[in-house]
Amino acid sequence: MSALPTIIIVDDDPGIRESLESLLRSVGHQVNTLASLPEFVKEGRPEGPSCLVLDVRLPGRSGLDFQRELSAANIHIPIIFITGYGDIPMSVQAIKGGAIEFLTKPFRDQDLLDAIQLGLARDRAWLENEKMIAALRARFETLTPREREIMALVVTGRINKQIARDIGISEITVKVHRGQVMRKMKAASLPDLARMADKLNFTGEKSQR
């Protein structure tokens, strides 16, 4: 991962922002401090591994509302909530929504640092998975419609003779197409190809669209 990890702090209290920034920079983190959620929306999430330290109570919409909006928009970033007014239902809602941690002020510095490390580790894993999926999609796009049709049947366990009968072509032609699918997808084996199809959420129905 070439881009450096970034911690984004969103809190409308300048004193809190300054304190957290000082703490995180002291342990070597790259930090971006913002006063509001619109600022975060405008800038977007950084390229590399990231973690959002978010105050629950902010002007306009709450941090919990924003968490739901990010999830609905399929925007992925690990969130650590901080608040001076937390309660159990609020913390349960945050964690159920996928938050890494819900910290009530004043909290221990180490608790925040530990949560950030967990958030960055999860985001690295997510970014690596997205990179792998993108590479698989690029390979899949090189397949012809016929090759996609045959791939859909191959990953269900159909043998060449069955596939030939299913789609009305010769067994030799199926074998050639199957070889092309394996080569283009860089699949080492049938189970490997099946795992790729699963990661791509690829089905025979989709291959016909």
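The values are calculated or read from the model by the stated rules, or taken from the named source; none is laboratory data. On a predicted model such as this, the values are computed, not experimentally measured, just so you know. Ideal geometry is used to build each Cβ from the backbone, glycine not excepted, and the neighbour counts take in all protein chains shown.
Could you list, ordered by first residue, the pairs with Cβ atoms under 7 Å in which the first is in region 175-189 and assigned by TED's automatic domain parsing to the domain that holds residue 199 and the second is among the acidic types (Asp, Glu) and part of a helix (DSSP H, G or I), at least 6 apart or interchain? Matching pairs, first to second residue: 177/147; 180/147; 181/147.
Any residue that is touching a residue at least 24 places away in the same chain (Cβ under 8 Å), within 30 Å of residue 28 (Cβ to Cβ) and crowded, with 16+ Cβ neighbours inside 10 Å - is there at least one of those in region 141-148? The answer is no, given that none of the residues of region 141-148 is touching a residue at least 24 places away in the same chain (Cβ under 8 Å), within 30 Å of residue 28 (Cβ to Cβ) and crowded, with 16+ Cβ neighbours inside 10 Å.
Among the residues that make up region 175-188, is at least one of them loosely packed, with under 13 Cβ neighbours inside 10 Å, within 22 Å of residue 129 (Cα to Cα) and aliphatic (A, V, I, L, M)? Within region 175-188, one or more residues are loosely packed, with under 13 Cβ neighbours inside 10 Å, within 22 Å of residue 129 (Cα to Cα) and aliphatic (A, V, I, L, M). Among the criteria (1) in contact (Cβ under 8 Å) with a residue 40 or more places away in the chain; (2) assigned to a helix (DSSP H, G or I); (3) touching a Leu at 6+ places or on another chain (Cβ under 8 Å); (4) not aromatic (Phe, Trp, Tyr), the one residue 82 does not fulfil is (2).
For region 100-117, check the following and say yes or no: at least one residue is in a helix (DSSP H, G or I), among the hydroxyl-bearing types (Ser, Thr, Tyr) and under 29 Å from the mean Cα position of the chain (by Cα).
The answer is no; no qualifying residue exists.
On the given criteria, is residue 86 in the same structural domain as residue 12 (by TED's automatic domain parsing), closer than 24 Å to residue 17 by Cβ, within 15 Å of the chain's Cα centre (by Cα) and of a type outside the set (A, V, I, L, M, F, W, C)? For residue 86, the condition - in the same structural domain as residue 12 (by TED's automatic domain parsing), closer than 24 Å to residue 17 by Cβ, within 15 Å of the chain's Cα centre (by Cα) and of a type outside the set (A, V, I, L, M, F, W, C) - is not met. Filtered by the rule that a residue be over 22 Å from residue 124 (Cβ atoms), touching a residue at least 24 places away in the same chain (Cβ under 8 Å) and within 23 Å of the chain's Cα centre (by Cα), region 57-79 gives 63, 64, 66, 68.
Can you tell me which of 17, 45 is surrounded by 13 or more Cβ atoms within 10 Å (Cβ to Cβ) and either in contact with a Ser or Thr (Cβ under 6 Å, 6 or more places away or on another chain) or of a type in the set (Ser, Thr, Tyr) (or both)? That would be 17, the only listed residue that is surrounded by 13 or more Cβ atoms within 10 Å (Cβ to Cβ) and either in contact with a Ser or Thr (Cβ under 6 Å, 6 or more places away or on another chain) or of a type in the set (Ser, Thr, Tyr) (or both). A count restricted to region 1-56 and to residues that are outside any loop (DSSP other than H, G, I, E, B) and either touching a residue at least 40 places away in the same chain (Cβ under 8 Å) or farther than 18 Å from residue 70 by Cα (or both) stands at 28. In summary, residue 201 fulfils each of the numbered conditions (1) surrounded by fewer than 14 Cβ atoms within 10 Å (Cβ to Cβ); (2) in a helix (DSSP H, G or I) with the single exception of condition (2). For region 118-158, the candidate set comprises residues that are in contact with an Asp or Glu (Cβ under 9 Å, 6 or more places away or on another chain) and not in a helix (DSSP H, G or I); within that set, the residue that is farthest from residue 175 (Cα to Cα) is 155.
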